[in-house]
Amino acid sequence: MYRFLLSRQWVILTLVTLLLIPTMIRLGFWQLHRHEHKVALNEVISQSLAADPVPAESLTAPGQHVEHEDLYRRVTARGTFDTADEVVVRRRTNADGEVGYHVLTPFVLDDGRVLIVNRGWVPSNGSQTAFPKIPAPAQGEITVTGRLMPDETTGRSGIKNVQGLPDRQVMLIDSEQQAKSLGKQVLGGYIEQTAPETKGDSPELIPDPEHNDIGPHMAYAIQWWLFSAGVPVGWIILVRRERRDRAAAAASEVSREPATAAV
């Protein structure tokens, strides 16, 4: 009665079904892990933003990577901006989705070491090759406050580090790259400036990251698991339907045989 399951069509369908079930289960766990990562990251960001600022030198040093638990930690530094070696980061958007640049300005500390400061966003004004007009930062020795960030990498950001860019333009914020360019000791990572406020709202300071939204990953995980449970149910329904159709066809053949014999 179920001999049709040995047909080529049904063997392929059964194998696909057996393959789909573990694949969907794994996709569900992948989404669950993304959910857990998002929840943990939100917790780190929330704690970092709520903590009192600490000196940047206490959390990072030249050649040192920013620890995950220090991500977005508020830090302070005392020194002066060096606009002569300022560069911009291409293809960055502001809160309105406009494409422009992030402004990276070396901040020379009292001991001569450098902290890379992302002073915010400026528009490109239609040009992708000319260095944009950037308002000057505060002059003289000041205290700058910002959120500590790790170096950007191609793997982490998904951005390709393109070669042959226009002068004073980069694709990624990389303290090691800046150290080579400046020929100075540069603290690992960089900071997103939050104070002092910029004059005339330019560059636009980067807003605090969103850390209350956990995203749809848990819902996606549940959906994948429901799909994995639905696949065998669907297979059983198809098998029963095929068995019923074949039984009905066989019964029809039997019912026609006497009539044929009488003739």
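For the stretch 63-214, the share of accessible area belonging to carbon and sulfur comes to 46 percent (1.4 Å probe, ligands and nucleic acids excluded).
Can you list the aspartates and glutamates whose alpha carbon is less than 19 Å from that of Lys180, not counting same-chain residues fewer than 8 positions off? Partners within reach: Asp82, Asp85, Glu86, Asp111, Asp151, Glu152, Asp167. Put simply, the Cα atoms of the stretch 5-66 extend 72, 27, 9 Å along their principal axes, the longest span coming first.
At a 10 angstrom cut-off on C-beta neighbours, averaged per residue, how do the peptides 91-99, 62-70, 191-199 rank from highest to lowest? Walk me through the intermediate numbers first.
Working: 91-99: 12.2, 62-70: 14.0, 191-199: 16.9.
Most protected by this proxy first, the peptides run 191-199, 62-70, 91-99.
Note on surface exposure: Lys180, Lys38 rank Lys180, Lys38 by accessible area, highest first, 1.4 Å probe. Quick one: go through the stretch 75-93 and flag any residue whose amide nitrogen is under 15 Å from the point 7 Å out along the Cα-to-Cβ line of Thr129. Output list for this probe position: empty.
In this simple spin-label approximation, Leu238 and Ser252 carry label points 7 Å from Cα along the Cα→Cβ vector, and these lie 2.2 nm apart.
Taking only the Cα atoms of the chain, the ratio Rg/Rh comes out at 1.33, with Rh defined as the Kirkwood radius. Only DSSP H runs of four or more residues enter the estimate; each adds -39500 (n - 2.57), and after division by the residues of the chain the mean residue ellipticity at 222 nm equals -13500 deg cm²/dmol. For Asp110, Asp151, the ranking by accessible surface with the largest value first comes to Asp110, Asp151, using a 1.4 Å probe.
For the options Trp30, Trp121, Trp235, a Gaussian network treatment of the chain with springs between C-alpha atoms closer than 10 Å singles out Trp235 as fluctuating the most.
Relative contact order of the chain: 25 percent, from C-alpha pairs under 8 Å at least 6 residues apart in sequence. With both labels modelled 7 Å from their Cα along Cα-to-Cβ, the Arg78 to Thr17 distance reads 7.4 nm. Computed as a quarter of the hull surface, the mean projected area of the alpha carbon convex hull for the stretch 1-153 stands at 16.0 nm². Between Ala251, Ala229, Ala56, the GNM of the chain built on Cα springs shorter than 10 angstrom shows Ala251 fluctuating the most.
The values are calculated or read from the model by the stated rules, or taken from the named source; none is laboratory data. Because the structure is predicted, anything quoted here is derived from the model rather than measured. Cβ atoms come from the backbone with ideal geometry, glycine included; neighbour counts cover every protein chain shown. SASA here: full protein model, heavy atoms, side chains in, ligands and nucleic acids out. Shrake-Rupley method; radii C 1.70, N 1.55, O 1.52, S 1.80 Å.
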